[in-house]
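The values are calculated or read from the model by the stated rules, or taken from the named source; none is laboratory data. All of these numbers come straight from a predicted model, not from anything done at the bench. Backbone-built Cβ (ideal geometry, glycine too); neighbour counts: all protein chains shown. Side chains included, ligands, DNA and RNA excluded: accessible areas come from the protein's heavy atoms. Shrake-Rupley method; radii C 1.70, N 1.55, O 1.52, S 1.80 Å.
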Amino acid sequence: MLKPLFNCEIEFCPSPHLTQIYDGFARLNKKGLITLKSKRIKLEHSKPVIKVIVNNKYTLIYDTLDGLNWTDGSLEENLNYFTSNLECDFYFKRSFKPELQDHLRKGKLYPLGLNYPFDYEGTYPLTLPERVKAFVKQNIKKDTFKLRTYEYPPFKNPDNKILFLCGLWNPDQVNSDELKDQRRQINTDRMNFVRACKSEFGAQFTGGIQIDEYSQRIAKDILVPFKITKKQNFLNAIKTHNICIATTGLHNSTGWKFAEYTAASRAIISEPLHYGLPGDFKKDKNYLSFSNTEELIANIHSLLNDKVKMQDMMFENYKYYNNYVDSEKMILNTLLKIHNS
């Protein structure tokens with residue numbers, strides 16, 4: 001019998017940001033490539049940052065935060081916290097900037113990659129209420145979304161449809177003026193993009209704002225019914241639309257939709273990415289970038305008018321997903337950094 005490559009002990013807390021991490025480790029354990037132990041923790045400040053001890057020697061940190069917000073303070077306070085509290089051998093950050101290496105007191109910094117939530121595999125230390133909730137979800141409601149639910153080959157649908165479904169952020173839910181302004185700008189941009197696409201592409205465009213109390217006050221003309229934004233219907237919509245639009249998330253993060261589009265091998269048009277990714281993921285190859293409504297409309301037309309370009313982008317995202325975003329590959333890539341160090 002072959003000996004596992006790595007012995008891993010992982011901190012566990014059921015945060016949706018961390019599902020790829022837990023799924024990847026569980027899948028590698030099931031294949032016998034690693035051994036896996038888990039211990040329950042309470043996340044500090046409810047921030048999705050966990051440690052994994054490998055071979056009783058190496059400390060790895062997996063950081064799936066939106067942006068550089070380890071604390072709720074200023075950027076300077078956050079960088080000071082990062083320097084003072086996050087010592088390790090290897091640090092894998094979702095919102096990766098290479099200059100963060102200068103602020104890491106000990107360890108090597110790497111990009112973690114695209115992030116999205118799903119129902120992960122594996123046996124982890126759930127509380128009794130969590131186990132009951134999981135049982136009801138899986139066996140009664142049958143409302144589960146495993147990793148493979150998101151995946152789709154690079155098939156191009158005969159009717160070239162465009163998808164952009166999104167939500168708004170209520171500025172009143174945060175305290176600082178900076179965060180309030182950020183949310184207002186995100187909301188304004190998203191509403192403008194939806195209205196412009198509806199005007200330009202008509203029935204070829206599926207898009208609008210998710211209904212909630214806040215959006216009903218400021219975006220009544222572009223709201224979409226819940227049946228369209230319901231999770232299963234949204235995932236089906238991604239697969240039946242060739243072109244999918246992504247916008248910047250909170251703290252300039254790359255949103256979950258971007259990863260979901262990549263998993264489904266779609267042609268992506270996105271606002272500029274503020275953080276780096278592992279591998280050879282590039283603008284104009286894996287996605288087109290836009291900064292205003294005029295550029296968005298022009299990029300959509302460029303894909304609609306160049307079927308080869310659209311198909312090539314779908315194939316590139318299919319390859320990238322299977323090498324870097326798939327949970328098992330994501331975690332194996334991080335563990336191999338130890339082997340190569």
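Here are a few things to note about the model shown:
- When the residues of the range 292-334 are filtered to those that are within 27 Å of PRO117 (Cα to Cα) and among the polar types (S, T, N, Q), the one that is nearest to the chain's Cα centre (by Cα) is SER327.
- Candidates ASN292, ASN233: the one that is within 16 Å of ASN192 (Cα to Cα) and either modelled with pLDDT under 95 or open to solvent by 50 Å² or more (accessible area, probe 1.4 Å) (or both) is ASN292.
- Residue within the range 123-133 that is touching a Leu at 6+ places or on another chain (Cβ under 8 Å) and either closer than 30 Å to LEU304 by Cβ or open to solvent by less than 50 Å² (accessible area, probe 1.4 Å) (or both) present: no
- Looking across ILE338, ILE297, ILE331, ILE268, one residue alone is touching a strand residue (DSSP E or B) at 6+ places or on another chain (Cβ under 6 Å), more than 17 Å from PHE155 (Cα to Cα) and not acidic (Asp, Glu). It is ILE338.
- The listed residue being part of a loop (DSSP other than H, G, I, E, B), touching a residue at least 24 places away in the same chain (Cβ under 8 Å) and either under 30 Å from PHE315 (Cα atoms) or in contact with a strand residue (DSSP E or B) (Cβ under 9 Å, 6 or more places away or on another chain) (or both), out of TYR91, TYR110, TYR124: TYR124
- Criterion applied to ASN317, ASN323 was being assigned to a helix (DSSP H, G or I) and surrounded by fewer than 19 Cβ atoms within 10 Å (Cβ to Cβ), and the one residue passing it is ASN323.
- Residue check, GLU271 closer than 18 Å to MET191 by Cα, of a type in the set (Asp, Glu) and open to solvent by 30 Å² or more (accessible area, probe 1.4 Å): no
- Residue in the range 119-126 that is charged (D, E, K, R) and more than 29 Å from ASP23 (Cα to Cα) present: no
- Of the residues THR247, THR254, the single one that is farther than 22 Å from PHE145 by Cα, among the hydroxyl-bearing types (Ser, Thr, Tyr) and touching a Lys or Arg at 6+ places or on another chain (Cβ under 9 Å) is THR247.
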